[in-house]
Amino acid sequence: MKTLLLLIALLSVLTLNAAEPVAPKGFRTIFNGKNLAGWHGLNPHNGTKLEGEKKSANLKQQREEFPQHWRVENGELVNVGTGPYATTDADFGDIEFLLEYKTVAKADSGIYLRGTPQVQIWDVNQVFNEKNPTRRPHLGSGGLFNNTPGKPGRDPLVVADKPFGEWNSFRIQQVGATTWVWLNGKLVVDGAAMENFWDRKQPLPAKGPIMLQTHGGEIRWRNIFVREISEVEGKKILAAPQPKK
């Protein structure tokens, strides 16, 4: 028992003493590598039909459950595939977003932008199932999976996933609804419009939280940085020749 308590204490000290990630020039850190500050728990699919006091109670419960499912370990934000999603307290509009992740076989995850699903993360080794033709993990991660099947960006342009055990890096740029995604330095979504999953007749919200989905297996995240894009820069990005590199 004493040995177990000592190990727990040692892990706590190591976590507290972890160096805060250093953001690239122009970016800021939104996960400090030490604790869950700036984040809360929310699965937006859970309780969407609730209203009033029931909805408030559901949101309160998810926030309370958050630290039971998420932990910080060696400067990494870790979840085993359970509980509400890690959600930023802050809302974001037009951004450039950087992060790294590492996951396991059969896991299924993603990144919600403006609270909207999602830049998809697959187990690329899954075999294509002809009975479910719109689910295509073998084509790789990074696509806008919740776009309408057949629409631009839903499937990535190339397979860019690294083998299990290695860290993958995303660079995501979003101006308005227009989204670019690079996975491990390869362009996988080239200026495709992200659809509003919650109501496809409506435009993508102007702002919303970044959400890190947990689903199906362990996932680890680190080096999470964001740079907000001004209206002037956004117009220049949209007017720039394509494709972007």
Problem - Enumeration of residues in the stretch 124-178 that are over 19 Å from the mean Cα position of the chain (by Cα) and of a type in the set (Gly, Ala, Ser) - result: Gly150
Completion exercise
Checked against (1) without any contact (Cβ under 8 Å) to a residue 12 or more places away in the chain; (2) at negative phi, Asn147 satisfies every condition except (1)
Fill in the blank from the handout: Reported set for the stretch 118-148 where residues are over 20 Å from Leu77 (Cα atoms) and touching a Gly at 6+ places or on another chain (Cβ under 7 Å) is Val124, Gly143, Leu144, Phe145, Asn147
Practice task
Answer yes if at least one residue in the stretch 95-108 is of a type in the set (Gly, Ala, Ser) and in contact with a Ser or Thr (Cβ under 7 Å, 6 or more places away or on another chain), and no otherwise.
Solution key: no
Completion exercise
Inside the stretch 61-88, the number of residues satisfying the requirement of being in contact with a Lys or Arg (Cβ under 8 Å, 6 or more places away or on another chain) and hydrophobic (A, V, I, L, M, F, W, C) is 3
Exercise for the section: Output the qualifying pairs, or none if there are none: Cβ atoms under 7 angstrom, residues six or more apart or on different chains, first residue in the stretch 188-203 and farther than 18 Å from Leu139 by Cα, second residue modelled with pLDDT under 95 and not β-branched (Val, Ile, Thr). Expected result: Gly191/Gln242; Gly191/Lys244
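Every residue, every condition in (1) closer than 18 Å to Gln120 by Cβ; (2) loosely packed, with under 13 Cβ neighbours inside 10 Å; (3) charged (D, E, K, R); (4) touching a Pro at 6+ places or on another chain (Cβ under 9 Å), yes or no:
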| residue | (1), (2), (3), (4) |
| --- | --- |
| Gly176 | no, no, no, yes |
| Asp190 | yes, no, yes, yes |
| Phe197 | yes, no, no, yes |
| Leu204 | yes, no, no, no |
| Trp221 | yes, no, no, no |
| Val226 | no, no, no, no |
| Lys236 | no, yes, yes, no |
| Pro241 | no, yes, no, no |
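Got a sec? Which of Leu77, Leu59 is in contact (Cβ under 8 Å) with a residue 12 or more places away in the chain and under 16 Å from the mean Cα position of the chain (by Cα)?
Leu77
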Practice task
Please work out if Thr214 is more than 25 Å from Asn79 (Cβ to Cβ) and of a type in the set (S, T, N, Q).
Solution key: no
Fill in the blank from the handout: the stretch 52-145: strands (runs of 3 or more DSSP E) wholly inside it with 3 or more residues that are surrounded by fewer than 21 Cβ atoms within 10 Å (Cβ to Cβ) are 70-73, 95-103
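The values are calculated or read from the model by the stated rules, or taken from the named source; none is laboratory data. Given the structure is predicted, the values throughout are model-derived calculations rather than measurements. In this analysis, Cβ positions are derived from the backbone assuming ideal geometry, glycine residues included, and neighbour counts consider all displayed protein chains.
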